[in-house]
1. Condition first: surrounded by 10 or more Cβ atoms within 10 Å (Cβ to Cβ), modelled with pLDDT under 90 and in contact with a helix residue (DSSP H, G or I) (Cβ under 9 Å, 6 or more places away or on another chain). Can you find one or more residues in region 164-178 that meet it?
2. Which residue pairs have Cβ atoms closer than 9 Å, lie 6 or more positions apart in sequence or on different chains, and pair a first residue in region 85-113 that is within 24 Å of K125 (Cα to Cα) with a second residue that is open to solvent by less than 100 Å² (accessible area, probe 1.4 Å) and polar (S, T, N, Q)?
3. Here is a list: A35, A83, A40. Which entry is modelled with pLDDT under 90 and over 27 Å from R8 (Cα atoms)?
4. Kindly indicate whether V140 is among the β-branched types (V, I, T) and either closer than 30 Å to I82 by Cα or open to solvent by 90 Å² or more (accessible area, probe 1.4 Å) (or both).
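The values are calculated or read from the model by the stated rules, or taken from the named source; none is laboratory data. Here the structure is a predicted model, which is why all the values come from computation and not from measurement. Virtual Cβ from ideal backbone geometry, glycine too; neighbours counted across all protein chains shown. To get the accessible areas, we keep the full protein, side chains included, count just its heavy atoms, and leave off ligands, DNA and RNA. Shrake-Rupley method; radii C 1.70, N 1.55, O 1.52, S 1.80 Å.
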Amino acid sequence: MAAMSLLRSVAASLVSRVHPGSRGVLGRSGLGRRAPPAAAVPVRFGSHGKKLFVVTPSTYYDKRFLNLLKFYTLLTAIPAGIAIALINIFFGPAELAETPEDYIPEPWEYYQHPITRFLAHHVYKDYQQTYEQQMSLLHVENEKRLLRLYETAARRSMRQKGDGPWFQFDTLDKSTIDNQPKFVPDD
């Protein structure tokens, strides 16, 4: 990028000092006539050619992002590195020891490194607990499935027999209706 900028400024400087259109081969114009001299126009170039204003994007946000990234990385990496080093120095890996016959180890006691044991004990769930939760979810979903099957069978039976939760009354026979008061005018 810098080479292109330098090349552009040198080319602009050369073009401004040489007038290629006014001279032909061997200093003559193409028609054999001599071109009139160019008018002298004072041009002011600061230092060695025309300065070009090249627009470049700002690097403020890039530098700010990189500085913040470095800061927060070091803010977490240094204490974490110190903590891991101290745990490895003072605690170290777990060693096998004789256990009584009736002792049942906890699931996190199977891990060797102390950080892994801490995570298995306080952060992650053990396999048995996860298995029981999954079985409970499957049981609930199976109960829902059975209830939907029972509901579908009940609706099918109600449709076939013509009864259901809607209220139906048998229509009365017209011969049982007493229309006598309607025939007599008001007294």
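1. yes
2. Final answer for the pair search is P105/T99; P107/Q129; W108/T116; H113/N88.
3. Being modelled with pLDDT under 90 and over 27 Å from R8 (Cα atoms) holds for just one of A35, A83, A40, which is A35.
4. Here the answer is no, as V140 does not meet what is asked.
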